[in-house]
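Q: Just passing along the structure, written as structure tokens.
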Amino acid sequence: MRFNKQVSVFLVCFIIAAVFWILLALSRNYPSTLTFPVKYSNLPKKKVIVNELPESITLQLNASGFDILSYQFSSNQKPILIDVVAGMRSSGPYTDALAVPTRKFLNDFTHQLGKDIEIIGFSPDSIVLMFSDRVSKKVRIIPDVIFNLDRQFDTLTSPYTSPDSVMISGPPSAIRKIRSLKTSPLQFPSLHAPINQEVELQLPPMVEAESATVRLHIDVEEFTEGQQSINVHSFNVPAGYSLRIFPEKVDVRYQVALSKFKSVSADQFEVVVDAGSLPKSTINLLPLRLVSSPPGVRMISLSPAEVEFILRKK
């Protein structure tokens, strides 16, 4: 028992000493290399950067062990913000190509990392910026959508977006050939209700849009069948003749959105026969022609499609 107590005391003392040794070691400064993600801010408004900028920068640091461990084990490193315009101004007048020394952004790194960390080196040691004039134009948006409709459902209009066009900007070489932009592709295998959702635009490289998203609309509604009995009118009847047709009324069958079913009436349809070929023609039946119908009505059919007639001299 006495031996076990001595071992326990020894282990406790050893652990306490180890802890103090680790704390003392971590409090000292060490040279280290850490890689940080980079985010660029304050880009020039009248210029566009046409080359790829580094997404991360490696820093040679002189920092305490605590700071090094905290950055190495951090699962979500906050990007270091780089003020591009400020760095360009400090490098003097710029043209279409400029190499800005990374040390010009030392204040940005220090602001993010803290003053206790000494930065002694950068990789890359400079950031190359290649500029082009920024031009703008307005282009239409084309919905990139594939869908299937449930039975008895149909669309009132073709798919569309709001807004239907967008202002884009970028270098002339990238903007010149763009006539339209597509939305991100979407598929709806079984539609039975309207679609009204936000969708992203497909933007080519180096092209920016005033809005990266638009709203996609697909006006879907349940349709039903309707029927009206319509009087048939004749025209181009030869002078000196009278025309009588059989039957004088025909049935018009159609499909219409359920919400508009009650608004459709017989006087909104007009069905005619053309007697211009009489009396020289030897035909026995005259074809019917629908010349007007209410908006929103589709799949219209006439029964019968032809009528008998009697042409008499007055």
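We did not get these values from a lab; they are worked out from the coordinates using the rules stated. As the structure is a computational prediction, the values presented were derived from the model and not from experiment. We place every Cβ from the backbone using ideal geometry, glycine too, and count neighbours over all the protein chains shown.
Q: What list do you get for PHE131, PHE261 if you sort them by fewest beta carbons within 10 Å?
A: By the 10 Å Cβ count, ascending, the order reads PHE261, PHE131.
Q: Same structure, new question: Kindly write out, for region 208-213 in residue order, the coupling ³J(HN,Hα) from the Karplus curve 6.51 cos²θ - 1.76 cosθ + 1.60 (θ = phi - 60°), rounded to whole Hz, with x marking Gly and Pro.
A: Result, rounded to whole Hz: 10, 10, 4, 9, 7, 9.
Q: Still on this structure: What are the ³J(HN,Hα) values, in whole Hz, obtained from phi via the Karplus relation 6.51 cos²θ - 1.76 cosθ + 1.60 with θ = phi - 60°, for each residue of region 118-130 in sequence order, with x given for Gly and Pro?
A: Here the 3J(HN,Hα) series is 8, 9, 10, x, 10, 8, x, 7, 8, 10, 8, 10, 10 Hz.
Q: Which far-off residues, 5 or more places away or on another chain, put their amide H under 5 Å from the one on SER126, with H placed in the peptide plane?
A: THR102
Q: Report the Cα centroid-to-centroid distance between region 222-283 and region 33-60 in angstrom, as an integer.
A: Using only Cα atoms, the two centres lie 71 Å from each other.
Q: Counting only residues 5 or more places away or on other chains, whose amide H sits under 5 Å from the amide H of PHE153 once H atoms are built in the peptide plane?
A: PHE223
Q: Restricting everything to alpha-carbon atoms, can you work out Rg to Rh for region 223-313 with a Kirkwood hydrodynamic radius? Please list the in-between numbers first.
A: Numbers: Rg = 14.9 Å, Rh = 14.1 Å.
With Rh from the inverse mean 1/r over Cα pairs, Rg/Rh is 1.06.
Q: Apply the Karplus parameterisation 6.51 cos²θ - 1.76 cosθ + 1.60, with θ equal to phi minus 60°, to every residue of region 287-294 and state each ³J(HN,Hα) to the nearest whole Hz, in sequence, with x for glycine and proline.
A: 3J(HN,Hα) across region 287-294, in whole Hz: x, 8, 9, 8, 9, 7, 7, x.
Q: Here is a further query. Can you pull out the GluC sites (Glu not before Pro) in region 209-314 that DSSP calls coil and that have at most 13 other Cβ atoms within 10 Å? List each step's numbers first, then the result.
A: Values: sites: GLU210, GLU221, GLU222, GLU225, GLU248, GLU270, GLU306, GLU308; in loops: GLU210, GLU248.
Passing both the DSSP loop test and the Cβ count: GLU210, GLU248.
Q: Residues with amide H under 5 Å of LEU81's amide H, sequence separation 5 or more or different chain, H placed in the peptide plane at 1.01 Å from N; which?
A: Those lying under 5 Å, H to H, from LEU81 are LYS39.
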